[in-house]
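Beneath this line is the structure, given in structure tokens, with notes to follow.
The values are calculated or read from the model by the stated rules, or taken from the named source; none is laboratory data. No experiment lies behind these values; they were computed from the predicted model shown. Because the Cβ atoms are built from the backbone with ideal geometry, glycine has one as well, and the counts that use them run over all protein chains shown.
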Amino acid sequence: MSQLVGSSFVYVTFIRTTPEKLWSALTDPKQMEEYWFGMQIKTEWKKGAEWQMVFPDGRVADTGEILELERLNRIQLKWRNEFRPELKAEGFSVCTMDLEPVGATVRLTITHTIERADSKFVRAVSGGWPKILSNLKSLLETGQIILKETDHSHAR
């Protein structure tokens with residue numbers, strides 16, 4: 001039995017919101033743009049659809065495919081960085097977003113994995129996800145983000 005060698009990043013946060021509002025924030029381009037430092041996601045939000053994340057200046061940041069879409073419960077994306085050659089060279093990763101109602105909150109678990117030991121890509125997203133998710137949590141709980149584009153280098 002061979003063991004898969006890879007890298008992963010897992011982030012869990014509890015957000016005082018409903019599954020519906022969190023799902024909307026994760027899939028609505030206008031809301032995403034607000035907490036994701038001006039980035040836009042372009043996709044049809046259906047299984048098998050391609051997606052792109054685009055910088056405010058129009059450059060493509062990341063691309064992939066929607067592997068799984070279970071409304072109010074789970075989004076799973078095949079994900080590749082497109083703008084940093086050393087990250088693009090690592091190929092595709094998988095990002096899973098699981099939503100689980102817990103009392104008056106929703107537990108959001110982000111799991112980002114790649115089949116590569118000591119991945120530069122996973123190191124990069126492990127710095128980016130906490131900023132993005134802090135903004136998402138704050139936006140849903142208070143109506144305002146806490147970090148602006150100027151507080152964040154695009155070194156995801």
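Regarding segment 53-72, can at least one residue be identified that is assigned to a helix (DSSP H, G or I) and within 26 Å of Val5 (Cβ to Cβ)?
Scanning segment 53-72 turns up no residue that is assigned to a helix (DSSP H, G or I) and within 26 Å of Val5 (Cβ to Cβ).
Quick check on my filter: what residues within segment 1-52 are free of Cβ contacts under 8 Å to residues at least 40 places away in the same chain, in a loop (DSSP other than H, G, I, E, B) and not polar (S, T, N, Q)?
Of everything in segment 1-52, those that are free of Cβ contacts under 8 Å to residues at least 40 places away in the same chain, in a loop (DSSP other than H, G, I, E, B) and not polar (S, T, N, Q) turn out to be Met1, Asp28, Met39, Glu44, Trp45, Lys46, Lys47, Gly48, Ala49.
Of these, Val102, Val5, Val10, Val94, which one is β-branched (Val, Ile, Thr) and within 24 Å of Gln144 (Cβ to Cβ)?
One residue alone meets the criteria, Val102.
Within segment 92-105, identify whether any single residue is under 21 Å from Gly6 (Cβ atoms), in a loop (DSSP other than H, G, I, E, B) and more than 13 Å from the chain's Cα centre (by Cα), and answer yes or no.
yes
Yes/no per residue for (1) of a type in the set (Val, Ile, Thr); (2) at pLDDT below 95:
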{"site": "Val60", "(1), (2)": "yes, no"}
{"site": "Glu70", "(1), (2)": "no, no"}
{"site": "Trp79", "(1), (2)": "no, no"}
{"site": "Pro85", "(1), (2)": "no, no"}
{"site": "Pro101", "(1), (2)": "no, no"}
{"site": "Leu108", "(1), (2)": "no, no"}
{"site": "Ala117", "(1), (2)": "no, yes"}
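How many residues, within segment 1-23, are within 13 Å of Leu139 (Cβ to Cβ) and either under 14 Å from the mean Cα position of the chain (by Cα) or surrounded by fewer than 16 Cβ atoms within 10 Å (Cβ to Cβ) (or both)?
Going through segment 1-23 one residue at a time, the tally reaches 4.
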